[in-house]
Amino acid sequence: MKFEVLTIFPEIIECYIKHGVLGKALNKGIVEVKVYNLRDFTSDKHKKVDDYPYGGGAGMVMQIEPFYNAIMHLKADEKPRKLVLLSPQGRKFTQKLAQKFMEESKAMVLICGRYEGIDERVKAFVDEEVSIGDYVLSGGELAALVIIDSVVRLIPGALGDELSAVEDSFMKGFLDYPHYTRPEDFKGMKVPEVLLSGDHKKIALWRKRQALKNTLKNRPDLLKNLSPEDMRILKELC
Ligand SMILES: COc1cccc(COC(=O)c2cn[nH]c2)c1
């Protein structure tokens, strides 16, 4: 899978992708990330990317021309790619959308805005507008990294051979179960006995109950389309 990122701060992306799962996936050739500096697609000597908003108001707006020039440059190879604008106004990014992007897109262009936003006409060249949450960031770069990280984790082979239990729980519609590791007793704080029992059936049930309990407490909105078994467990918790 290939990600192409349009940004005025390429170092933000370049620094992050060297580490962890992303770094390994890059080294394995499972994923390729190319970062483009929008200032390289300007035509003035000051490499200007923003200007005052028509209609007045605070702040600056990113101009269409650098985005247009960069997008046309990428499209010159005529390869298919999904163009995604990161913005607080976008559709909500979820684990399911990450799965969809991984399954459907061989290449994604992640367009990072800054300032008050970008010229609305850029959206004529964009396939999707995506938000990672109901808050405003200083720029789309963090949102782009969230999308790259969550999509890459889903690519077969990216996580090595460890199970991605966290993704599974989100895909099934609830939060993760609690995790513990050594020591068994830390200053009197003990690991739940069931996890030391070796009884995998009991452990699986305990984990399911805990996951449903966490979801009921923190994200009841996720509790839809539960299986009859999960519904039975949930009713016991209420
Ligand atoms: C494109 O226009 C704008 C305007 C303002 C900020 C940004 C940066 O993105 C976000 O703030 C964001 C992305 N997902 N959730 C929040 C983009």
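Every number in this text was worked out from the coordinates using simple rules, so none of it is lab data. Here the structure is a predicted model, which means the values were calculated and not measured. Every residue, glycine among them, receives a Cβ derived from its backbone with ideal geometry; neighbour counts consider all protein chains shown.
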* To do: Could you line up ARG207, ARG39, ARG91 from fewest to most neighbouring Cβ atoms inside 10 Å?
  => ARG91, ARG39, ARG207
* Extension gain from HIS200 to LYS217, taking 0.36 nm per residue of separation minus the Cα-Cα distance -> 3.6 nm
* Tell me, in nm to one decimal, what length is gained between ASP44 and ASP134 on full extension, where the rule is 0.36 nm per residue of separation less the Cα-Cα distance? -> 28.9 nm
* For the chain, calculated [θ]222 nm from helices alone, where every DSSP H run of n ≥ 4 adds -39500 (n - 2.57) -> -11000 deg cm²/dmol
* Asked: Could you give the radius of gyration (one decimal) and Dmax (whole number) of the Cα atoms in the chain, in Å?
  -> 22.0, 69
* When the chain is fully extended, how far beyond the present Cα-Cα distance does TYR54 get from LEU26, taking 0.36 nm per residue of separation? -> 5.9 nm
* To do: Using only alpha carbon pairs under 8 Å that are at least six residues apart, calculate the relative contact order of the chain and give it in whole percent.
  => 19 percent
* Size descriptor, Kirkwood hydrodynamic radius, that averages inverse alpha-carbon separations across segment 111-238, Å -> 18.3 Å
* Asked: segment 157-231: D in µm²/s via Stokes-Einstein (Kirkwood Rh, Cα pairs, 25 °C, 0.890 mPa s)?
  -> 176 µm²/s
* **Cα-derived Rg to Rh of segment 82-180, Kirkwood definition** => 1.01
* Asked: For the chain, what is the charge dipole size about the Cα centre, in debye to the nearest 20, if Lys and Arg each add +1 at the Cβ and Asp and Glu each add -1 at the Cβ?
  -> 740 debye
* **Footprinting exposure proxy for THR215, THR94, THR42 (fewest neighbouring C-beta atoms within 10 Å first)** => THR94, THR42, THR215
* Structure fact -> Listed with the fewest Cβ neighbours within 10 Å leading, ASP40, ASP230 appear as ASP40, ASP230
* Asked: Using a basic spin-label model with each label point 7 Å from the Cα along Cα→Cβ, how many nm lie between GLU78 and GLU104?
  -> 2.5 nm
* Going by alpha carbons, how many degrees (0 to 90, nearest 10) lie between the helix axis of 141-152 and the longest principal axis of the chain? -> 50 degrees
* Structure fact -> Taking the dipole of segment 1-60 about the Cα centre (Lys, Arg +1; Asp, Glu -1; charges at Cβ), the one of VAL49, GLY20, VAL35 that reaches farthest to the positive side is GLY20
